[in-house]
1. Using a 1.4 angstrom probe and counting only protein chains, how large is the accessible area of residue A:236 in Å², to 10?
2. How are the Cα pair distances of region A:358-460 distributed, in percent, across 5 Å bins from 0?
3. Roll a 1.4 Å probe over the protein heavy atoms and report the accessible area of residue B:411 in Å², nearest 10.
4. Bins of 10 Å, beginning at zero and ending with the bin holding the largest distance: percent of Cα pairs per bin for region A:536-649, please.
5. Restricting things to alpha carbons, find the Rg to Rh ratio for region A:228-272 using the Kirkwood radius for Rh.
6. Quick check: from the Cα gyration tensor, does region B:197-240 come out rounded (a/c under 1.5), prolate or oblate?
7. Would region A:102-161 count as rounded, prolate or oblate if I go by the C-alpha gyration tensor, calling it rounded below 1.5 in a/c and otherwise prolate when a/b exceeds b/c, oblate otherwise?
8. When the dipole is taken about the Cα centre of the protein assembly as shown, and only Lys, Arg (+1) and Asp, Glu (-1) are charged at their Cβ, what size is it in debye, to the nearest 20?
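The values are calculated or read from the model by the stated rules, or taken from the named source; none is laboratory data. Given the structure is predicted, the values throughout are model-derived calculations rather than measurements. Don't worry about glycine lacking a Cβ; one is built from the backbone with ideal geometry, like all the others, and counts go over all protein chains shown. The area values use the complete protein model at the heavy-atom level, side chains included, leaving out ligands, DNA and RNA. Shrake-Rupley method; radii C 1.70, N 1.55, O 1.52, S 1.80 Å.
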Protein chains: 2
Amino acid sequence: MTYELLAPVASISALLFATYSAWRVLKGETGTARMNDISQAIREGAMTYLRKQYRTIAIFVAISAIALGLALGAFTALAFVTGAVFSALAGYIGMAVAVRANVRTTQAARGGAGGALMTAFQGGTVMGMMVVGLALLGIYLLYLASGDPFEVVGFGVGASLVGLFARVGGGIYTKAADIGADLVGKIEVGIPEDDPRNPGVIADLVGDNVGDVAGMGADLFESNVGSILAAMLIGVIGATEYGREGVIFPLALQAAGIFSTILGTLLVRALKGTKPQTALNGGMFASGILVTIAACFLAQGMFGRLNVFYAALSGITAAVLVGLITQYYTSSDKPPVRAIAESSQTGSATTILTGLAMGMKSAALPVLVICGAILLAHEFAGVYGVAIAALGMQSIAGIIVAVDAFGPIVDNASGIAEMAGLGPKVRRTTDALDSVGNTTKAICKGFAISDAGFETIALFLVYTLHADLETVLLTDPSVVIGLFIGGILPFVYCGLCLQAVGTTAFQMVEEIRRQFREIPGLKEGRARPDYARCVDISTAAALRNLLAPGLIAIAIPIIVGFTLGPEAVGALLIGSIITAFPMAIFMAYAGTAWDNAKKLIEGGHLGGKGSLTHRAAVIGDSVGDPFKDTAGPSLDVLMTILTTVSILFAPLFLKRL
Amino acid sequence: MTYELLAPVASISALLFATYSAWRVLKGETGTARMNDISQAIREGAMTYLRKQYRTIAIFVAISAIALGLALGAFTALAFVTGAVFSALAGYIGMAVAVRANVRTTQAARGGAGGALMTAFQGGTVMGMMVVGLALLGIYLLYLASGDPFEVVGFGVGASLVGLFARVGGGIYTKAADIGADLVGKIEVGIPEDDPRNPGVIADLVGDNVGDVAGMGADLFESNVGSILAAMLIGVIGATEYGREGVIFPLALQAAGIFSTILGTLLVRALKGTKPQTALNGGMFASGILVTIAACFLAQGMFGRLNVFYAALSGITAAVLVGLITQYYTSSDKPPVRAIAESSQTGSATTILTGLAMGMKSAALPVLVICGAILLAHEFAGVYGVAIAALGMQSIAGIIVAVDAFGPIVDNASGIAEMAGLGPKVRRTTDALDSVGNTTKAICKGFAISDAGFETIALFLVYTLHADLETVLLTDPSVVIGLFIGGILPFVYCGLCLQAVGTTAFQMVEEIRRQFREIPGLKEGRARPDYARCVDISTAAALRNLLAPGLIAIAIPIIVGFTLGPEAVGALLIGSIITAFPMAIFMAYAGTAWDNAKKLIEGGHLGGKGSLTHRAAVIGDSVGDPFKDTAGPSLDVLMTILTTVSILFAPLFLKRL
């Protein structure tokens, strides 16, 4: 009974800690009037977009809820709506604080790096704690009400749905603005990043919030929910030898993860005098070690043996290894990024080819690490072990989200410093933090994808157990077809995301070119650009394009299930994971590597800023932008939503036979 | 007994027809001394490369043959070596004629389009007939000698191995040269395609032969072998109700395919007075219709019912549909290519993004068509039907190869006309044929990939039946790991191919830049470039980079089989097909669409040649080059080699348990 209470205590602690962190951020000073003007423009753009996005999603959620209620009962519909609302709530509050933390970070940076680090990190902590707190609270309450984890699956579907829309919409918004601003600003006009003369600069800064804060938060919310659910569900059906404890353990482990991350977060503050990267790494490592120790005690206490702990440890170890692999493939001082930077000397075609090649090759190692973890976890504790390993990896999501959201906040802070003309010293401080943010963002991205892949495998195992599909007839054509449909989904999906960004970036470039052409004195800084037009373009495009991918993700497994049967859906799931997982890594790593190759050149290598090599690298970065921030992360959510929807509908697919 | 004789008669007819076609080509006139000089340079470069490539492969084949002999017996080793030698022979003879047909096509073009069309097409016919003739002959003789189709699998592995090396090596060669010549020539110096001042131009023309003739021929040789073998093997194990006829039918159907293509080829000659595209299309359609009729009679005659014919018809229909889909996604007058061309107006980043997006979305339809064909074929005639459908699609490979090889021959002819300064009239004739060649090349590419995908599914079914793996335990971690290893292989593979091309193109660009910088008067046409240096760069790079992908393809299934067992290999196969098939389509379509978007602009749209839009489109084309001609087609061969190697070793994997 004590173990069961860990979940509500931890989730409420997380929400309280989020409130405390928000209070710490908001009591910070906001600086000059000019700074406040800029911050307000960003805040308004971001909040307006988020509200419009939620309105679009709400209609879709309402219709789906009614359909679900009729097909699967009122409780499922309730769980579904709760999942959607909790996810939206975490995103809303997290971003509302982030758009206030940015200017306070800039102001703090006028006094030094330590204060700025803490303001930005605390801003991110709000998102992190909201995500893990609401995820665990929602699951706990629904489980308490129903007594059956399968009744909670709707919560996961709701969360995935909002996660998908937020990722796709936010991703399109941010990258179209970013590419448009960069291509015209850096290449055609030759002005620096975040220059106030660039009409796309506010849209770009808004994008950081709606994409990299709200979108990312919703993404990790649904991964977190998925991991906890997968372990609970396998605890019920696939690992009956653990009894009821098998269902409670995942809740307890995640609770331990929350406590560990709160302590890790406090450690960051204690380390704020050291190098920013050291402080953040310290917090993440400490959280990981604490949750490992806690897992050991929990396993011993609840099961009287350590096999489940070893499974969790496999997952945690995999997380560390993937982090190291990510650093290798995306850091400026490692061969892959250097190769991309060097290939830029012969123009953008070779930049693109080298980046694509590096990205594709880089997909192998993280997948193999996850495979190794699966093998070990299965050895220790069977299919239950696999789900626990995925959850082990996910348990410190709180601090991962905090560190990840730190990135766009300092990015914004840096932009505000530039636009408000605060001078080189402040800019140097924010730039240094921004560069730390880029590194941590890459690590978090590798974490998020591997974790989503791992979690989806666990959910896939749930589906196979739930639909009694442990063995599948490979010569059955509906299985072959299911596999192929699953395999092509990630391609279609990425195609839709890239196209939406490409088309919107095209409009953005045309608009920014138009403003530079038609507004007299803009280039010389004597006139102000029309920021709002660019914000409107991104907003409209994101809202227009976010629905199609979501509809595909939900409709396809249902259609396949009712026409080709549950085996075909199982095949579809495995087909989609096999393709989406390496593709997501490819997209994330290639995109980040292009970005850092550009930064390497901007740092003065191979001709530096303004050289032809730099131009080629900017093209590479622009292609990579939607790779790493739109298509790649959306694939994470795609994988989860396919599996959760399939689990939810599995009983109906079976009845059809 | 009569049906059995069809195979030797047809294969010898094919070889005789190849000889006749070669004789027709070689008796053509070779034009001016300058034309002969250029042709000789191309011929020497191509033949030197091919000999070196075969020497590299020979060592690898010899070692593999000894290993195979020890592990699986002398007959398997013999079959393996025969497969490798026959593939190499088809490639060698086919290319030897192609590099002589080019200059004769140019010379014929001085007298009009009809003669030039026939010379180039007959040159291609030699390759086409060598491929299908030697494939069928080899299988027939080995089957005659052993009486067991499983003893013939070694032939398929040998063919796949040479196919893989030839595709990868040829693909790297041709695209590095093409990109290097284009990037410096078109963008930096501003001289037209095939300009004799460009130091990379001979390497580019050599590349067309070693990549698009020899490489393509070896690729289709192994697909052809794989399709026939798959149907024979399933005839033995999966469809015992058909008895011995089930094994003979595939041989007879392919024989009928050969006769149909010979007649189709003759029709092209009869139509040479019409538009070139009409003549070639007419020949392909006629072959398809003839083989359909023949299949109907064969099925009725051999089985007394038509169900197997319907299965073949599903495959043939799928081939036609894929052809139409290919045209939609790659033709200049259809929306996808237009969208890419238009996106070039805002620079190369949007060109790349739009092309990637289009390519990714385009992967869905061909895969779904193949899925539909599988479902139908299975409905009519079970797993045997699936293999027959794949073979039905493949049966007219002879004319497909001929039409495909037509492309690089007229491309060469066009280059020779430009370099020999034959004036605009001849150039217009060769350019018109070149443009026809590009369209047919795209159709053949769509055909080759879909066909390889289909064939690999048939081979996969053979593996599952052969290894008694019809049902697989999805919760077994070794299955999950096998699936993932299979899924990442195509990524790693494409990465290796793209990187090899990227790196070599980098060297090529540097060398061409160096020559323009250091050779006085080169740009003005007063000095001759050092063509040989560029030829050497491509040759060395191709030879250096072709082994690694081949080793991976052979080693991985064997390692997985002996460590994780036959189930894991089955999972690996399905994982690799699911990823490789859509990826190959994505690569082929995106690459061709970029190419045609560039051609659309060069045709005077959106600013025409020399505009910024054109520059962006050239970058898109350069990125697309290794997509469509190196990585994409190599994936076809990868899929087959994985399955044939696995089938060969399946008995040993099973013994291990």
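1. Counting only protein heavy atoms, the figure is 50 Å².
2. In whole percents, the pair-distance histogram is 2, 12, 17, 15, 13, 12, 9, 7, 6, 4, 2, 1.
3. 40 Å²
4. 14, 30, 26, 18, 9, 3
5. With Rh from the inverse mean 1/r over Cα pairs, Rg/Rh is 1.27.
6. Prolate, since a/c reaches 1.5 and a/b exceeds b/c.
7. prolate
8. On the way: 84 positive and 90 negative charges, 522 e Å.
Using Cβ point charges on Lys, Arg, Asp and Glu, the protein assembly as shown gives about 2500 debye.
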